[in-house]
Amino acid sequence: MTYRILILGGTTEARQLAGKLAPRRDLDVTLSLAGRTQDPVAQPVPVRTGGFGGAEGLAAYLRDHEIRLLVDATHPYAARISANAALASRQSGVPALRLHRPAWQPLPGDRWQMVDGAEEAVVALGGASRRVFLALGRQEIGPFEAAPAHFYLIRSVDPVEPPLAVPDAAYILGRGPFGEAEETGLLQHWRIDAIVCKNSGGTATYAKLAAARKLDIDVLMFRRPEAPAMPSAGSVGEALAMIDHRAGSAKRGE
Ligand SMILES: NC(=O)c1ccc[n+]([C@@H]2O[C@H](COP(=O)([O-])OP(=O)(O)OC[C@H]3O[C@@H](n4cnc5c(N)ncnc54)[C@H](OP(=O)(O)O)[C@@H]3O)[C@@H](O)[C@H]2O)c1
């Protein structure tokens, strides 16, 4: 009997993990996406899309589809689905593990200030007009309308519709990974003096922080939400080892 795994995805790591598991004949892997991105990148395993209907819905899915292992490989800031994963695992008795990238740590020369979300970032920007790069999701930039004195550069995967109700904003489309030379050029071109971002971890979106360090630019960084207790892997390799261990134990009937 194949060992069924559901990966909650929407991240590069989830796609990479699925890619490593896809050729395995002892496993049957499905990847779940929230369905936020208009044109998601191709995935190496079958995909299901859309919410489950809370923790209860996810627990029912796990039972109905005879899932043996749930892997929460969502973004570290996707707090609701991670909480649901922990609850659904408890409700259904299906074991779960998390794959989350370790947070970035500041290096000498970094000008980071940690904030608890967009409202606090707006306050931290202060009253004087600044040139701000919002490296955030489309759904998270609304609060900056309360601070219309600043110029905003907004980069998103899909267009921001409707645009932010501020007098001075520019929009660019882009999907990582981004390189350091590219990010340095962007920050210089738009004369950015503050970046607002999340501590996503990983390499795909780190370059803006290396560029900010070099250019002496302030970074307002959202604190990570707390993740519920669950066995956790910090890399795809670590997650693979944990999955092998569990699938192996299941095969031996342990
Ligand atoms: N937040 C970020 O900064 C960020 C960055 C990059 C990628 N992402 C990815 O984008 C997706 C949405 O993030 P979010 O912050 O909006 O999530 P969220 O606030 O934690 O979740 C909101 C709701 O969306 C549904 N959902 C989220 N992830 C799902 C998944 N992988 N499969 C099926 N349903 C999912 C769930 O609906 P139901 O309750 O109905 O099940 C969940 O309750 C996640 O897959 C995440 O990995 C997020």
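Figures for the structure shown
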item	result
Residue that is in a loop (DSSP other than H, G, I, E, B), surrounded by 16 or more Cβ atoms within 10 Å (Cβ to Cβ) and either away from the ligand (no atom under 16 Å from the Cβ) or not hydroxyl-bearing (Ser, Thr, Tyr) (or both), where the choices are Ile192, Ile243	Ile192
Contacts under 7 angstrom Cβ, first residue in the range 22-45 being without any contact (Cβ under 8 Å) to a residue 12 or more places away in the chain, partner of a type outside the set (Phe, Trp, Tyr) and more than 14 Å from the ligand (Cβ to nearest atom), 6 or more apart	none
Counted residues, the range 1-41 - those being touching a Ser or Thr at 6+ places or on another chain (Cβ under 7 Å) and not aliphatic (A, V, I, L, M)	6
Residue count for the range 48-80, restricted to those that are in a loop (DSSP other than H, G, I, E, B) and either open to solvent by 40 Å² or more (accessible area, probe 1.4 Å) or touching a strand residue (DSSP E or B) at 6+ places or on another chain (Cβ under 6 Å) (or both)	11
Filter result for Gly53 (outside the structural domain of His150 (by TED's automatic domain parsing), free of Cβ contacts under 8 Å to residues at least 12 places away in the same chain and either within 14 Å of the ligand (Cβ to nearest atom) or within 17 Å of Ser235 (Cα to Cα) (or both))	yes
Breaking point among (1) open to solvent by 20 Å² or more (accessible area, probe 1.4 Å); (2) more than 16 Å from the ligand (Cβ to nearest atom); (3) free of Cβ contacts under 8 Å to residues at least 40 places away in the same chain, for Leu173	(2)
Candidates Pro148, Pro143, Pro162, Pro108 - the one that is in a loop (DSSP other than H, G, I, E, B) and under 22 Å from Asn199 (Cβ atoms)	Pro108
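The values are calculated or read from the model by the stated rules, or taken from the named source; none is laboratory data. Given the structure is predicted, the values throughout are model-derived calculations rather than measurements. Methodologically, a virtual Cβ is constructed for each residue, glycine included, from the backbone with ideal geometry; neighbour enumeration extends over all protein chains shown. What goes into the accessible areas is simple: the full protein's heavy atoms, side chains included, and nothing from ligands, DNA or RNA. Shrake-Rupley method; radii C 1.70, N 1.55, O 1.52, S 1.80 Å.
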